Amino acid sequence: MTFDPFNELAGGSALRLDEGQQDDYCLPVASHSPETERLDFVHDIYKYTAGNIPDEVMELLSDGQDRSILDVGCDTGKWAVEMTEAFPNVHVIGVDLAHPPITVFPPNFHFEIHDVTKGQEYANDTFDIVHVRDITPGISDFHGMLEECVRVLRPGGHLLVKEIEWMPYLHGGGDPRERMPAFRDSAFRSALSERSIDPMIGINLKRYVGNVRGLCDIQYSRHMVPLSPWSDDPILNYTGHLTRIGMPILGNTMRVMLIDHGHPDPDSTYAEAMRELSDLTIKPAWYFGNVAARKQGKFTDVEAENGTRILANG
Ligand SMILES: C[S@@+](CC[C@H](N)C(=O)[O-])C[C@H]1O[C@@H](n2cnc3c(N)ncnc32)[C@H](O)[C@@H]1O
């Protein structure tokens with residue numbers, strides 16, 4: 001069968017032009033299987049590596065009061081649903097370009113289709129927490145997107161951001177360009193640049209968040225995840241295992257974008273990259289950046305009620 005990017009049976013799955021796509025997101029949305037499965041693996045990796053939320057947010061959500069969260073680019077909804085289950089007092093709004101692949105929504109989860117490059121649809125000072133994870137491939141103005149997140153955050157509220165560094169490393173030392181040239185191939189990064197998306201957002205996440213006005217208490221951490229199960233540490237071994245089983249799906253995720261970018265044969269390059277990854281001695285790894293910050297101002301519970309009212313009206 002001839003490859004057709006808009007027909008899943010013919011190898012395609014991305015760029016939803018067949019659905020009248022109006023946005024810039026260049027990967028398959030979560031409702032397009034098997035991307036759903038890959039993103040659920042990645043969710044677990046984040047959770048086991050850095051936790052779903054930092055301790056101070058856990059403390060805030062555990063006080064039993066009505067709280068509100070905006071999950072920007074909520075995708076499969078896994079993070080959002082875990083929040084609603086762990087904290088029944090919390091109302092979560094997820095926004096994304098496409099509907100999450102779940103049919104039963106918890107009563108305290110509300111979903112909206114919205115392109116956040118057009119700004120957030122909520123009033124100033126609405127949410128206790130705004131969560132943004134891995135939405136780089138759809139956002140040409142990451143700074144502007146973060147400013148909007150801060151606008152809808154109530155004073156004292158928490159901004160939580162995680163982004164992948166799209167650059168592999170060798171934990172055992174050595175130059176990835178020599179030891180894993182196919183995996184280190186820059187086509188994905190240059191395809192993002194061609195679409196005016198900065199492929200270095202994950203690497204420069206601390207600076208991106210630091211440049212947004214109105215934030216304080218900015219805490220940054222950087223986390224390593226093995227690309228294969230080479231580590232003796234049980235968590236790293238498990239996240240390496242999850243990464244390895246998600247990797248073949250990632251090849252399919254990126255291929256339409258790469259073909260559109262002019263790559264002559266992304267499948268062969270990716271197959272070679274998978275062969276390179278099977279050498280556990282080079283200890284290949286990926287990293288993600290993790291930021292927690294607060295909006296300047298005093299946190300008061302009067303504004304929490306405002307957030308709840310907006311959710312109830314929604
Ligand atoms: C790689 S997925 C991961 C996101 C999810 N937060 C997670 O961590 O599992 C990126 C998601 O961001 C969404 N997205 C990208 N650009 C967007 C935009 N402009 N507006 C809303 N959602 C967007 C995509 O539809 C996709 O579901």
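Brief remarks on what is shown
- Here the dipole of the chain is about 700 debye; that uses its Cα centre as origin and unit charges on the Cβ of Lys and Arg (positive) and Asp and Glu (negative).
- The calculated 222 nm mean residue ellipticity attributable to helices in the chain amounts to -11000 deg cm²/dmol, summing -39500 (n - 2.57) over DSSP H runs of n ≥ 4 and dividing by all residues.
- Point-to-point label distance, residue 207-residue 104, nm (Cα→Cβ direction, 7 Å offset): 4.8
- Available extension along the chain between residue 241 and residue 223 is 4.9 nm, counting 0.36 nm per residue and deducting the alpha carbon span.
- Taking Cβ atoms as reference points and 14 Å as the exclusive limit, the residues near residue 159 contribute a net charge of 0, counting Lys and Arg as +1 and Asp and Glu as -1.
- Stokes-Einstein translational diffusion, the chain - Kirkwood Rh over all Cα pairs, 1.306 mPa s, 10 °C, in µm²/s: 78
- Extended-chain gain in nm, criterion 0.36 nm per residue less alpha-carbon gap, residue 112 and residue 62: 15.4 nm
Every read-out reported here was derived from the displayed coordinates using simple, explicitly stated rules and does not represent laboratory data. All figures in this text were calculated on a predicted structure; none of them were measured in a lab. No Cβ is skipped: glycine too gets one built from the backbone with ideal geometry, and neighbour counts run over all protein chains shown.
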